[in-house]
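Student: Take a look at the following structure, please.
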Amino acid sequence: MPLNESDTRSKLIDPALYARGWKEDNIKREETAGAVDMRDGKARRRSHGRMDYTLRVKVTADSQPVAVALIEAKAESLPPDHGLEQAKAYAVSKRVNVPFVISTNGHLFVLYENFTRTTSKPRPLTEFPTPEELRNAYEKGMGFSLESDLAKPLLTRYSGGEATRRYYQDAAIRAVFEKIAKGEKRALLSLATGAGKTFIAVNLLRRIADAGQLKKALFICDRDELRNQGLAAFQNVFGADAADVSGKNPQKNARVLIATYQTLGIESDEADASFLTENYPENYFSHIIIDECHRSAWGKWSLVLKRNPNAVQIGLTATPRKLTGIDWDENPEDEKITADNVHYFGEPVYEYEMSQGMDDGYLAACEVIQRNIFLDRKQEPEEQTGVSQPDLKQKEVTNALTGEQVDYKKLAKRYDAGSFERQLQMPDRVESMCRDLFNLFLRTGGPEQKTIIFCAGDSHADKVAIEMGNLYAGWCNDNEHKALPNYAFKCTSASSGNDQLPDLRASSRSYFIATTVDLLTTGVDVPVVENIVFFKYVRSPIAFYQMVGRGTRLNPPTGKLMFRVYDYTNASRLFGKEFLSRFSETPEPGEVMPKPFTPPIQVEGFDVTITEAGHSIITMVDGKAMPVTVEEYKERLTRSLIEKAPTLDFFRALWIDPEARHELLASLPDGVRSALLVRSLAQMDSYDLYDLLAEMGYGLATRTRLERAAAFTYKHAAWLKDMPVKSAETLRALALQFGRAGTEVLENLHIFETPEVQKAGGLDSLRAMGRPADILRETKVRLFAA
């Protein structure tokens, strides 16, 4: 009988690799956290993540091993290049960041080399490349020697060991060091919010320091909150050698300085940069790391880069900005640097997408609930219709600041939806949107959920906070529920909301709803947030991703594994958009520019209707995080299933074999997560995945797990009757366990320790009939028989 994938690795591949010089410290098993799936509207983590095997070379016994290849093991019965394309996607797309991919079935192997984009012919494992051969090929392709001075950081070990770093963080750090080893001084890293960019920054500088190449380093961020977070992380590794710069203390004795743009005097075009120029002469810093370097609002921060041209300069961002519509030869250097990361730093040396983080289980899973808003029962939603002057004829129109009546004929001919709640304020709309959102909260666990609502302006944020607070008070009164204090509050640059951030983050008994405009769009770390709500219209993909990023962090203390986006303004259309900005003086949403004063208009009397516009899942589509409707998602899953298992009998045979089943599920779009999500959204959690997939792919009439367990007993009564009584009782008890927990429980050895199975006769009763494994397999065959 051919060996499965696991046995092929242990019995054929591992011995062959060892014979070719690959010892245990040359092979790294990179296991992800395990993706998050949604069941019954709740998030649960899978017990195991994806396992990748990387081959690493060492220059000396004490040096940090450098990953150079990904090895993909396949079952003995499959051709050696089976799965090569998938492995290439992992490695070459920089997911693992290695230049070589090797696929093998335990007898033959093929090797893909990214430097030349070529794949070898199948060769016997006795010819598998040795560590020295792969090292030589790596150095030749990279264009540097691992023993060169510039490559020293690459060979310097993690000061705290490798236990806490994640595979993509190591891949990102290696990518930067590889670029530096080539003699280049600029590098850009693009990682989703919540992926641990600060961890990467700290370990980049620590390893550079341990390699003896760090003189003075500067870590720049744009807010005090980020500076405090960064300082704690750097001091945890550098101790007193890391210090935060203040207006009174340039901290010249420390090797690593953590500063904000504001402290250095480079926060705007009007700032004089005196603190920077007076305290730090040119080329003072050997290394500079700029956090959130996509932000162009900080007009003079490029001065730091220009004054330190010899420094290694590393940009960190979740949204690399690339400016269009600009002649670089005619624009000043400041705008080249601040507005276009890609132009200045080059293409990102490593990218880690939001959807990849979700699939790996390092970022919270995301569900998108889209809503449509209709004004005065129009056929099209407000986003398309806006409000025209005739729409205001029968309304009560007043100056929002004075309350004076305003003649609607003197107003603009048309107000686009983007001006709603700024120029055109509509209390009926605010009330309806808040009530609809509150009702959605009641369907998903109750009103006391940590939430950020992005509003159109400061006044809008006030009104939303008041309305949400009133709705909560009314709900508490109606349901005899003790109202918790400070339910909803405004958190904008014009308020003292920043003072409540610690409460939003830490308190579980207050400060649930934060209404904001742009204060919470970037950098602020609030892992407890369960909901991101768009009450404002957003044009910029950069701003949008930063807003969504407030929800992506996991929060182990509360068990948060997922978050929801409630989209009232079609903001989710920006998922997957390029981070391109056209050069102009017009600010992005959230950026403030002075304008002539025009009093806002308040209009009362609108009939506001809100309906469901869609229910989506964030998944990977063509390498980008995109919302996919449930129906589209099911179609993609079904097509993939039928490609792998063309008939019901073929599917049934795969399902019964654990190795084949796991491989089948892993091959579906988003892996097993896709089937689990569809089951949850179809409210079929009482059904085994077998029934869900068999219905989708082959039209099988579904049975719940308990119904299938009951059917096993009567459909195979004759078979059970012919065996010893205790054996039959044990198999009925095992079927009942399936009815409770599904297929995989039948493959868990602990099933024989359950009281019902032990009482029926347990493992000993099956041994009386032969090999228990064979009997269990036959039981599964009959359990899923037609």
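Student: Please find, among Ala682, Ala733, the residue that is over 27 Å from Asn4 (Cβ atoms) and in contact with a helix residue (DSSP H, G or I) (Cβ under 7 Å, 6 or more places away or on another chain). Don't jump to the end; show me each part of the working.
Tutor: Working: Ala682 fails: in contact with a helix residue (DSSP H, G or I) (Cβ under 7 Å, 6 or more places away or on another chain).
Going through Ala682, Ala733 in turn, just one is over 27 Å from Asn4 (Cβ atoms) and in contact with a helix residue (DSSP H, G or I) (Cβ under 7 Å, 6 or more places away or on another chain): Ala733.
Student: Being in contact (Cβ under 8 Å) with a residue 40 or more places away in the chain, in contact with a helix residue (DSSP H, G or I) (Cβ under 8 Å, 6 or more places away or on another chain) and not aromatic (Phe, Trp, Tyr) is the requirement here; does Ile173 meet it?
Tutor: On the way: in contact (Cβ under 8 Å) with a residue 40 or more places away in the chain: no; in contact with a helix residue (DSSP H, G or I) (Cβ under 8 Å, 6 or more places away or on another chain): yes; not aromatic (Phe, Trp, Tyr): yes.
For Ile173, the condition - in contact (Cβ under 8 Å) with a residue 40 or more places away in the chain, in contact with a helix residue (DSSP H, G or I) (Cβ under 8 Å, 6 or more places away or on another chain) and not aromatic (Phe, Trp, Tyr) - is not met.
Student: Among the residues of region 450-481, which ones are polar (S, T, N, Q), open to solvent by 10 Å² or more (accessible area, probe 1.4 Å) and touching a residue at least 24 places away in the same chain (Cβ under 8 Å)?
Tutor: We begin by selecting, within region 450-481, every residue polar (S, T, N, Q); these are 451, 459, 470, 477, 479.
Subsequent filtering for residues that are open to solvent by 10 Å² or more (accessible area, probe 1.4 Å) retains 459, 470, 477, 479.
Within region 450-481, Ser459 is the sole residue that qualifies.
Student: Out of region 183-208, which residues are under 15 Å from Leu154 (Cβ atoms) and either in contact with a His (Cβ under 6 Å, 6 or more places away or on another chain) or open to solvent by less than 10 Å² (accessible area, probe 1.4 Å) (or both)? Reasoning before the result, please.
Tutor: Our first condition is that a residue be under 15 Å from Leu154 (Cβ atoms); within region 183-208, this holds for 183-184, 187, 200, 203-208.
Selection gives Ala187, Ile200, Leu204, Leu205, Arg207, Ile208.
Student: Say whether the condition of being assigned to a helix (DSSP H, G or I), at pLDDT 95 or above, open to solvent by 10 Å² or more (accessible area, probe 1.4 Å) and in contact with a strand residue (DSSP E or B) (Cβ under 7 Å, 6 or more places away or on another chain) is met by at least one residue in region 429-436.
Tutor: yes
Student: Within region 386-408, how many residues turn out to be touching a residue at least 12 places away in the same chain (Cβ under 8 Å) and farther than 17 Å from Thr598 by Cβ?
Tutor: Qualifying residue count for the region: 7.
Student: Leu305: touching a strand residue (DSSP E or B) at 6+ places or on another chain (Cβ under 8 Å), modelled with pLDDT of 80 or more and among the hydrophobic types (A, V, I, L, M, F, W, C), yes or no? So that I can check it myself, show each step before the final result.
Tutor: Details: touching a strand residue (DSSP E or B) at 6+ places or on another chain (Cβ under 8 Å): yes; modelled with pLDDT of 80 or more: yes; among the hydrophobic types (A, V, I, L, M, F, W, C): yes.
When the stated conditions are applied, Leu305 passes them.
Student: Go through (1) modelled with pLDDT of 95 or more; (2) open to solvent by 40 Å² or more (accessible area, probe 1.4 Å) for Gly141 and report which single condition fails.
Tutor: Here Gly141 meets the rest and fails (2).
Student: With the requirement that a residue be in contact with a strand residue (DSSP E or B) (Cβ under 6 Å, 6 or more places away or on another chain) and either modelled with pLDDT of 95 or more or part of a strand (DSSP E or B) (or both), what does region 181-207 give you?
Tutor: Residues satisfying the conditions are Lys185, Arg186, Ala187, Leu188, Leu189, Ser190, Leu191, Ala201, Leu205.
Student: I'd like the full set of residues that are open to solvent by 100 Å² or more (accessible area, probe 1.4 Å) and without any contact (Cβ under 8 Å) to a residue 24 or more places away in the chain, limited to region 749-763.
Tutor: If the condition is that a residue be open to solvent by 100 Å² or more (accessible area, probe 1.4 Å) and without any contact (Cβ under 8 Å) to a residue 24 or more places away in the chain, then Leu749, His750, Glu753, Gln758 are the ones that fit.
Student: OK, next. Filter region 501-517 for residues that are at pLDDT 80 or above, open to solvent by less than 30 Å² (accessible area, probe 1.4 Å) and over 19 Å from Tyr566 (Cβ atoms) and give the result.
Tutor: Scanning region 501-517 gives a single hit, Ser510.
Student: A further question on this structure: When region 144-158 is examined, which residues are found to be outside any helix (DSSP H, G or I) and open to solvent by 70 Å² or more (accessible area, probe 1.4 Å)? Break it down into steps so the answer makes sense when it comes.
Tutor: Pass one, region 144-158, residues outside any helix (DSSP H, G or I): 144-148, 156-158.
Listed by number, the residues that qualify are Glu147, Arg157.
Student: For Leu736, only one of the following conditions fails: (1) without any contact (Cβ under 8 Å) to a residue 60 or more places away in the chain; (2) surrounded by fewer than 17 Cβ atoms within 10 Å (Cβ to Cβ). What is its number?
Tutor: Leu736 satisfies all of (1) without any contact (Cβ under 8 Å) to a residue 60 or more places away in the chain; (2) surrounded by fewer than 17 Cβ atoms within 10 Å (Cβ to Cβ) except (2).
Student: Assuming Glu778 fulfils every condition listed in (1) open to solvent by less than 20 Å² (accessible area, probe 1.4 Å); (2) free of Cβ contacts under 8 Å to residues at least 12 places away in the same chain; (3) not polar (S, T, N, Q) apart from one, which condition is it?
Tutor: Tallying (1) open to solvent by less than 20 Å² (accessible area, probe 1.4 Å); (2) free of Cβ contacts under 8 Å to residues at least 12 places away in the same chain; (3) not polar (S, T, N, Q), Glu778 fails exactly one: (1).
Student: Further question: Spot the failing condition for Phe651; the list is (1) in a helix (DSSP H, G or I); (2) surrounded by fewer than 17 Cβ atoms within 10 Å (Cβ to Cβ); (3) not polar (S, T, N, Q), and only one is missed.
Tutor: It is condition (2) that Phe651 fails.
Student: Could you look through region 88-112, keep only residues that are more than 21 Å from Leu154 (Cα to Cα) and surrounded by fewer than 22 Cβ atoms within 10 Å (Cβ to Cβ), and pick out the one that is modelled with the lowest pLDDT?
Tutor: Here is the first cut: in region 88-112, the ones more than 21 Å from Leu154 (Cα to Cα) are 88-90, 102-112.
Among the residues that remain, those that are also surrounded by fewer than 22 Cβ atoms within 10 Å (Cβ to Cβ) are: 88-90, 107-108, 110.
Numbers: Lys88: 75, Ala89: 69, Tyr90: 64, His107: 94, Leu108: 95, Val110: 95.
Result: Tyr90.
Student: Just to be sure before I move on: is Asp407 in contact with a Leu (Cβ under 8 Å, 6 or more places away or on another chain) and open to solvent by less than 80 Å² (accessible area, probe 1.4 Å) in the structure I sent? Write out each step before concluding.
Tutor: On the way: in contact with a Leu (Cβ under 8 Å, 6 or more places away or on another chain): no; open to solvent by less than 80 Å² (accessible area, probe 1.4 Å): yes.
It is false that Asp407 is in contact with a Leu (Cβ under 8 Å, 6 or more places away or on another chain) and open to solvent by less than 80 Å² (accessible area, probe 1.4 Å).
Student: Of everything in region 224-240, what is under 23 Å from the mean Cα position of the chain (by Cα) and either open to solvent by less than 10 Å² (accessible area, probe 1.4 Å) or closer than 17 Å to Arg550 by Cα (or both)? Give them in sequence order.
Tutor: Of region 224-240, the ones under 23 Å from the mean Cα position of the chain (by Cα) are 225-226, 229-230, 233.
Listed by number, the residues that qualify are Glu225, Leu226, Gln229, Gly230.
Student: Pick from Arg652, Arg708: which is touching a residue at least 60 places away in the same chain (Cβ under 8 Å), in contact with an Asp or Glu (Cβ under 9 Å, 6 or more places away or on another chain) and of a type outside the set (A, V, I, L, M, F, W, C)? Don't jump to the end; show me each part of the working.
Tutor: Details: Arg652 fails: in contact with an Asp or Glu (Cβ under 9 Å, 6 or more places away or on another chain).
After ruling out the rest, the residue left standing is Arg708.
Student: Name the residue that is most open to solvent (accessible area, probe 1.4 Å), counting only residues in region 61-77 that are within 18 Å of Ile208 (Cα to Cα) and of a type outside the set (Gly, Ala, Ser).
Tutor: Per the criteria, the residue is Asp62.
Student: Something else now. Being touching a residue at least 24 places away in the same chain (Cβ under 8 Å), closer than 25 Å to Ser103 by Cβ, out of contact with any His (no Cβ under 8 Å at 6 or more places or on another chain) and open to solvent by 20 Å² or more (accessible area, probe 1.4 Å) is the requirement here; does Arg123 meet it? Before you say what the answer is, go through the steps one by one.
Tutor: Working: touching a residue at least 24 places away in the same chain (Cβ under 8 Å): no; closer than 25 Å to Ser103 by Cβ: yes; out of contact with any His (no Cβ under 8 Å at 6 or more places or on another chain): yes; open to solvent by 20 Å² or more (accessible area, probe 1.4 Å): yes.
Judged against the criteria, Arg123 is not a match.
Student: Same structure again: Which pairs do you get when a residue that is farther than 14 Å from Leu154 by Cα, found in region 51-68, comes within reach of a residue that is basic (Lys, Arg) and open to solvent by 10 Å² or more (accessible area, probe 1.4 Å), reach meaning Cβ atoms under 7 angstrom, with the pair 6+ apart or on two chains?
Tutor: Met51/Arg29; Tyr53/Arg29; Thr54/Lys28
Student: If I filter region 538-568 down to residues being open to solvent by less than 10 Å² (accessible area, probe 1.4 Å) and touching a helix residue (DSSP H, G or I) at 6+ places or on another chain (Cβ under 7 Å), which single residue comes out as nearest to Ala195 (Cα to Cα)?
Tutor: Ranking the qualifying residues of region 538-568, first place goes to Thr552.
Student: Counting residues that are closer than 17 Å to Ala785 by Cβ, which helices (runs of 4 or more DSSP H) fully inside region 668-748 reach at least 3? Steps first, please.
Tutor: Numbers: elements: 672-681, 689-698, 705-715, 717-721, 725-741.
The qualifying helices (runs of 4 or more DSSP H) are 689-698, 705-715, 717-721, 725-741.
Student: For residues in region 237-249 being of a type outside the set (Gly, Ala, Ser) and modelled with pLDDT of 90 or more, which is farthest from Phe199 (Cα to Cα)?
Tutor: Filtering region 237-249 for residues of a type outside the set (Gly, Ala, Ser) gives 237-238, 241, 244-245, 248-249.
From what's left, modelled with pLDDT of 90 or more: 237-238, 241, 244-245.
Numbers: Val237: 10, Phe238: 13, Asp241: 17, Asp244: 17, Val245: 20 Å.
Filtering first and then ranking leaves Val245.
The values are calculated or read from the model by the stated rules, or taken from the named source; none is laboratory data. This one's a predicted model, so the numbers in the text were calculated from it and none came from an experiment. Cβ coordinates were reconstructed from backbone atoms using ideal geometry, including for glycine residues, and neighbour counts include every protein chain displayed. Ligands, DNA and RNA are excluded from the accessible area calculation, which covers all protein heavy atoms including side chains. Shrake-Rupley method; radii C 1.70, N 1.55, O 1.52, S 1.80 Å.
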